[in-house]
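These notes are about the structure you will find just below.
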Amino acid sequence: MIEVTTTFDRMWADLEPLGRDAATGGYRRFAWTPTDHDLREWFAAECAARGLDLVEDRAGNQWAWWGDPDTTPGVVIGSHLDSVPDGGAFDGPLGVVSALATVDALREAGVQPDVPLGVVNFVDEEGARFGIACAGSRIITGVLDSDRARALTDADGVSMAEAWRSAGRDPETLGRDDETVRRVGRFVELHVEQGKALALAPDGGDDLTDPSRAVAIGTDIWPHGRWRVDIPGEANHAGTTRIADRRDAMIGLADVIQAARSYAVGLGCVATVGKVDVVPGGVNAIPSHVTAWLDARGSSEHVVRSLVEAVSSEVARAGATTTEESWTPTTTFDARLVERLHGILPEAPLLGTGAGHDAGILATHGVPSAMLFVRNPTGVSHSPSESASTEDCHHGVTALTAVVTELCTGKDPESMSVAR
Ligand SMILES: [Zn+2]
């Protein structure tokens, strides 16, 4: 019999080199690139090795089924394999690898699910290439219109439709997919924690050894959005133009950044300018236009809206315009499912999060969804410093296995010996 920890570790080692940038140590796994293709092939091969039936939906998400989800909606686990630029190893892949290891754990324990069990690899969760996070789940639920999706462009001006063609797919098939969503009875996404709540002991110090704090149950996702700020200026010579005569778009960017920071502090939320585009982009040219992207999140919609309104009205005086690119209201995970998870994992803390996830998109669409978070000692995410100990990853598989056993069979997971 194969040890589940062995299969987890083997899969983790397989994935480690894929899309890793040698210089930064971070991952560059972007949708519909050759790296993405390799990751999708890896997932398909792992599913085939387990005899799971792999189907792709109209957004390109991969679903691997144990049992027939057309007879009755199934329980789905999994996450995504793509990354942000120079992302960490765990955000996404931990959920996919843990889901596959859970299938192994169930089989090792002799569990035969009474309802179909699915493992999903959502495509383009980070939105790193085309700017819309959770594109795969937004497309199948109809939240992201298919025409708009096809027209989205990456930094090189390549549209999603063109990227699909380059990946050997027909972009005309892209779109809302009710049949796929109908197959999902419940969705539980395991994910690395993207903050430090689990790593901090109640007294405020680090506690990385308490096994009861290795895994948390997600309760809700903060409201969050992305805004594009266009700041006008006037191109001119960096050496011969007097300071008094300049209209420097970069000065406007500084105002955006400062305003976002000070309103975030004042309102008790978070705001980030993490991406800018400068025109013409010459060292010796005064910028004629800057486009900046503002990401804002908080515990309430009111707080986030207040911040964005305050920033945009402040910078509007210099002629800047603010355009909303995406908005996700507060997502509350299915209360009954969360309660059930808490019954299965009574020691696991309950945790809200400021990060968006496909589980949130499905929950908003009415699919009962919930999440499990695995402790992250650094609390850092979207960076190579993101971390989780191997032991905690194994705790995550054990927790997910207990959850799936209960949800798929109704049997008491306490009586089963899948934990190790
Ligand atoms: Zn993620």
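The values are calculated or read from the model by the stated rules, or taken from the named source; none is laboratory data. As the structure is a computational prediction, the values presented were derived from the model and not from experiment. For neighbour counting, all protein chains shown are included, and Cβ atoms are generated from backbone atoms with ideal geometry for every residue, glycine included. Side chains are part of the model used for accessible areas, which takes the heavy atoms of the whole protein and leaves out ligands, DNA and RNA. Shrake-Rupley method; radii C 1.70, N 1.55, O 1.52, S 1.80 Å.
Overview of results
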item: Enumeration of residues in the range 153-164 that are surrounded by 14 or more Cβ atoms within 10 Å (Cβ to Cβ), farther than 24 Å from Pro93 by Cβ and of a type outside the set (Asp, Glu); result: Thr153, Val158, Ser159, Ala161
item: Breaking point among (1) at pLDDT below 95; (2) within 20 Å of the chain's Cα centre (by Cα), for His37; result: (1)
item: Any hit, the range 272-295, residues being touching a Phe, Trp or Tyr at 6+ places or on another chain (Cβ under 8 Å), on the phi < 0 side of the Ramachandran plot, among the small types (Gly, Ala, Ser) and open to solvent by 50 Å² or more (accessible area, probe 1.4 Å); result: yes
item: Residue in the range 78-92 that is open to solvent by 30 Å² or more (accessible area, probe 1.4 Å), of a type in the set (Phe, Trp, Tyr) and within 16 Å of the ligand (Cβ to nearest atom) present; result: no
item: Identity of the residue in the range 178-199, part of a strand (DSSP E or B) and hydrophobic (A, V, I, L, M, F, W, C), that ends up nearest to the ligand (Cβ to nearest atom); result: Val192
item: Residue selected from the range 45-62 under the condition part of a helix (DSSP H, G or I) and open to solvent by 30 Å² or more (accessible area, probe 1.4 Å), by the criterion nearest to Arg150 (Cα to Cα); result: Ala45
item: Total residues in the range 174-207, condition over 24 Å from the mean Cα position of the chain (by Cα) and open to solvent by 20 Å² or more (accessible area, probe 1.4 Å); result: 6
item: Any hit, the range 238-255, residues being crowded, with 20+ Cβ neighbours inside 10 Å, at pLDDT 95 or above, within 16 Å of the ligand (Cβ to nearest atom) and under 30 Å from Leu144 (Cα atoms); result: no
item: Condition check for Val97: open to solvent by less than 10 Å² (accessible area, probe 1.4 Å), away from the ligand (no atom under 16 Å from the Cβ) and within 17 Å of Phe187 (Cα to Cα); result: no
item: Some residue of the range 133-148 being assigned to a loop (DSSP other than H, G, I, E, B) and within 16 Å of the ligand (Cβ to nearest atom); result: yes
item: Residue within the range 215-232 that is surrounded by 15 or more Cβ atoms within 10 Å (Cβ to Cβ) and more than 30 Å from the chain's Cα centre (by Cα) present; result: yes
item: Pair list, Cβ < 6 Å and 6+ apart or interchain, from the range 352-371 residues that are closer than 10 Å to Phe187 by Cβ and within 15 Å of the ligand (Cβ to nearest atom) to residues that are at pLDDT below 95 and acidic (Asp, Glu); result: none
